[in-house]
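So the structure is just underneath, and the comments pick up after that.
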């Protein structure tokens, strides 16, 4: 029988085939200035992946003598980080669950500072996320940098297990890493749970390498905005987006006018649509470039993606509204 005390906190890290990043994250977690016998690490492999398991098992052997428990759980069939996190906290032994992601680097005092803020009247704690960025970031870098201003992000939060049980954990319909954290936040608030902040509980979130034009593919995430809106319409409008993206609707409407004018032989409609589409698209691109990198390759990327984003975003927005039967624009 083990002589080690039960852990105070269980750290849940969902991962999907990123063993190098996972190793970096786990190394940082082993450097916490908390007694290693008072916390456990639960890696939930959503692959599963042989190299991921090897990383976790190696770390577990290296730190077993210190009393640090490191486990790898397989989460086949979860289809995303929400399901993986649910598998993790359900298996956790501690009354408090700390969530972070495999691409973060928790600072040594992260857990201790987060636990200090978890007073008896608090059900969840949100820490601070720092994203190192250049002075003039590229689009993808600035998008990741938005995590610094997130109200509630699963890259850095602690939640009492009893609160997760009460609200049913994460909604596994959020199959991408998008809006599932806001959904948990809004659900906790709806159940009268108190959420506190701990600005000194810090994790670093370096920007991952990304292919050119990644913002185009990311538009599919808007599909899940419809689900979040359906569940929490007032909180969505007050804390996520106050109004629909009318500029996208105007750009797409102008593009349709071009098509209709050209098809019907109405040159005034076609040229008028082209003028409006060009002006709105150029304005959208210039807004995105404000404060961003002006490297020629990045400017070209922004021009091309500014043409593609509005129709793709509306497609996924309306598809999500149809799928989730939400009155969402």
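Things to note:
- Residues in the range 76-100 that are surrounded by 24 or more Cβ atoms within 10 Å (Cβ to Cβ) and assigned to a loop (DSSP other than H, G, I, E, B): 100 only.
- Within the range 108-122, the set of residues being surrounded by fewer than 21 Cβ atoms within 10 Å (Cβ to Cβ), assigned to a loop (DSSP other than H, G, I, E, B) and touching a residue at least 24 places away in the same chain (Cβ under 8 Å) comprises 108, 109, 119, 121, 122.
- Filter result (more than 9 Å from residue 224 (Cα to Cα) and not in a helix (DSSP H, G or I)) within the range 165-184: 168, 169, 170, 171, 172, 177
- Of residues in the range 141-156 being out of contact with any strand residue (DSSP E or B) (no Cβ under 6 Å at 6 or more places or on another chain) and part of a helix (DSSP H, G or I), the one surrounded by the most Cβ atoms within 10 Å (Cβ to Cβ): 144
- Of the residues making up the range 10-31, those that are at negative phi and surrounded by fewer than 22 Cβ atoms within 10 Å (Cβ to Cβ) are 16, 18, 19, 20, 21, 23, 24, 27, 28, 30, 31.
- Residue 105 vs. criteria modelled with pLDDT of 95 or more and over 23 Å from residue 179 (Cβ atoms): yes
- When residues of the range 35-62 are limited to those that are buried (at least 16 other Cβ atoms within 10 Å of the Cβ) and farther than 21 Å from residue 85 by Cβ, the one farthest from the chain's Cα centre (by Cα): 37
- Summed over the range 189-201, residues that are surrounded by fewer than 21 Cβ atoms within 10 Å (Cβ to Cβ) and not in a loop (DSSP other than H, G, I, E, B) total 7.
The values are calculated or read from the model by the stated rules, or taken from the named source; none is laboratory data. This structure is a prediction, so every number in the text was calculated from the model and none was measured. Please note: Cβ atoms are built from the backbone with ideal geometry, for glycine as well, and neighbour counts cover all protein chains shown.
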